[in-house]
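J.: Sending over a structure as structure tokens; questions will come in a sec.
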Amino acid sequence: MPGAEADALAVRDTDADWRELGVTEPYWGVISHPDFRSENLTPERIEQFYASGPFHIDPIARDLERLTGRLPSGRALDFGCGVGRLAEAMTAYADEVTGVDISPGMLALARARGGKATYVDQVPAGPFDWINSFIVFQHIPPERGEAIIEDLLARLAMGGVVSLQLTVWRDKDREWPRGQGLRRLFRAQRQRRWARNLPLGQILMYDYDLSKIVRLLNRAGIEEIRLVSTNHDGHHGVIILGRKTAEPSFT
């Protein structure tokens, strides 16, 4: 979502949306399927929800092994952990897993489940041997998301690995209409008002400039990188797999 269209939606307080979803739709907010709507939840469906965690984490772990020669281990962080679906799956590899999220409701559910991971609302100091984030940054405005990614990478240990998913382009029917000159400016102004006035609990999608993310990775000392394509209903992205092999550079 380039230019004025992206700026229009960047005004949205997406943290407030996810705090609301943590109260109203904590499971559907992660997997947007009717089975996980609050009114449709059953104990069996909640178990099905958590069972999907290894489905995503196991391939990521194997891809990291192909990149680095070993499976991820040590101290791990799951950024945007929600109710702990992936953080608990990461405990099959890491000795210590911390999940961090801004939604108190989701964190409460993650803790109540009594799993192996620890759940907090602030990113610990690190260093971490594995930093993961999946279907999280695609819901954060890019300017803010880039700052968060830079901060996370600063907490990665030498030799540590990352698995970060974000969206980078979308199908035509998912694009915002574009205009020129004043027409584009007026459309962006309308979109800005629309974004501000939406009720709480929205799930918005944002596209990232991959060149900016690669720059952040390289500056953080991550020079070995592999990309795995993702597609969420016409919103196309990548899982960035990388290992820190050099000292950070800020030149």
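J.: Out of SER229, SER249, I need the residue that is at pLDDT below 90 and polar (S, T, N, Q). Which one?
T.: After ruling out the rest, the residue left standing is SER249.
J.: Would you point out which residue out of LEU164, LEU156, LEU200 is surrounded by fewer than 17 Cβ atoms within 10 Å (Cβ to Cβ) and either at pLDDT below 95 or not acidic (Asp, Glu) (or both)?
T.: One residue alone meets the criteria, LEU200.
Residue-by-condition table, conditions (1) of a type outside the set (A, V, I, L, M); (2) free of Cβ contacts under 8 Å to residues at least 60 places away in the same chain:
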residue	(1), (2)
LEU64	no, no
LEU67	no, no
SER73	yes, yes
ARG85	yes, yes
MET90	no, yes
TYR93	yes, yes
VAL97	no, yes
ILE102	no, no
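J.: Follow-up. Quick one: in segment 217-230, which of the residues that are touching a residue at least 60 places away in the same chain (Cβ under 8 Å) and within 30 Å of GLY22 (Cα to Cα) is surrounded by the fewest Cβ atoms within 10 Å (Cβ to Cβ)?
T.: VAL228
J.: If a residue has to be of a type outside the set (Lys, Arg) and under 13 Å from GLY160 (Cβ atoms) to count, how many in segment 224-246 make the cut?
T.: 5
J.: Quick check on my filter: what residues within segment 132-165 are in a helix (DSSP H, G or I) and touching a Phe, Trp or Tyr at 6+ places or on another chain (Cβ under 8 Å)?
T.: Within segment 132-165, PHE137, GLN138, HIS139, PRO142, GLY145, GLU146, ILE148, ILE149, LEU152 meet the criteria.
J.: Then there is this: Would you be able to tell me the number of residues in segment 75-103 that are part of a loop (DSSP other than H, G, I, E, B), small (Gly, Ala, Ser) and either closer than 17 Å to ILE31 by Cβ or touching a Phe, Trp or Tyr at 6+ places or on another chain (Cβ under 7 Å) (or both)?
T.: 5
The values are calculated or read from the model by the stated rules, or taken from the named source; none is laboratory data. Keep in mind it's a predicted model, so treat the numbers as computed, not measured. Note that each Cβ is placed from the backbone with ideal geometry, even for glycine, and that neighbours are counted across all protein chains shown.
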